[in-house]
Every structure is written in C-alpha cells, then in structure tokens.
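Notes for the one structure printed next.
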Amino acid sequence: MKAVKVQDVQPDNRTDVIMKTIFGAGENGQVTMGIAVFPPGARVPAQNAAAHACDEYSYIIKGSIRIMSGGQEQRLSAQQASFIPAGEEHWAYNDSESDCELIWSLIEK
C-alpha cells in the first residue's frame, strides 16, 4: 500500500487551477488520479475544448462547476460525480463565487 498526504504533493505547473497528480499511470498501471481546485473564473482548458485518450471520472467535493461534455452543458455540485468517455470533447468553468474542489481519475482503455 502507498499512502499520500495530499498537502505534501506539489501542484502541477499551471496558472489557471491548482492541480495535483496524486498517483500517476506509471505507478499503478492504467490509472492516474488527482485533485483540482478551480478558483472562481477558472476554465480548463482556457479556450475551446479538450479530449483525452482515457475515460475521465470526477467527484465534486466542494462548490460547483459548469461543464460541457459531448455538446451538452450542465452544472455539477458537491456530492455529484461525472463520467466523460475517452475522446469526448469537454471543458470545465467555475462561474460561481467560491472555489470548486474535485477529485479526478483518468482510466486508460
């Protein structure tokens, strides 16, 4: 077993959100897992949409966030989860007045 204190993990080099990769695909096979904090006004990616070669799962811990995935927009709030299939274009935008914290995982197919 490997246990990690999230506060000890250095954030990825980003200016838009605080993103920490807790476990990487090289460590545990086909899963990459992390935590992200979207401050108000943060959007990932900054423009347009992105897609991954992996399935993406997210769980909202605190706050809310507006997402677009597969051409549909919706709001996710604390205690909600999402699944974005590999290859599906998506973005996330915190249009609220408080931080949105979430856990994410990328699962290789």
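Each reported figure results from applying straightforward, stated rules to the coordinates on display, with no laboratory input. Computed from a prediction, not measured in an experiment: that's the story for all the values here.
Tell me, what are the semi-axes, in whole angstrom and largest first, of the equivalent ellipsoid of the stretch 9-61 as set by the roots of 5 times the Cα gyration tensor eigenvalues? Don't jump to the answer; show the numbers that get you there.
Working: eigenvalues 81, 42, 23 Å².
They are 20, 15, 11 Å, listed from largest to smallest.
What relative contact order, as a whole-number percentage, does the chain give when Cα pairs under 8 Å and 6 or more residues apart are counted?
Details: 258 pairs, mean separation 34.3, N = 109.
Relative contact order comes out at 32 percent.
Using just the helices of the chain, give the 222 nm mean residue ellipticity in deg cm²/dmol: DSSP H runs with n ≥ 4 each add -39,500 (n - 2.57), and the total is spread over all residues, rounded to 500. If you can, show how the numbers build up before the last one.
Working: 1 runs with 4 residues, N = 109.
Estimated from H runs of four or more residues: -500 deg cm²/dmol.
Go through [x] 2, 13, 18, 18, 15, 12, 9, 6, 4, 2, 1, 0, 0; [y] 2, 12, 25, 27, 21, 10, 2, 0; [z] 2, 12, 21, 27, 22, 11, 4, 1 and flag the label whose value is the computed P(r) over Cα pairs in 5 Å bins from 0, in percent for this structure.
The value computed from this structure is option [z].
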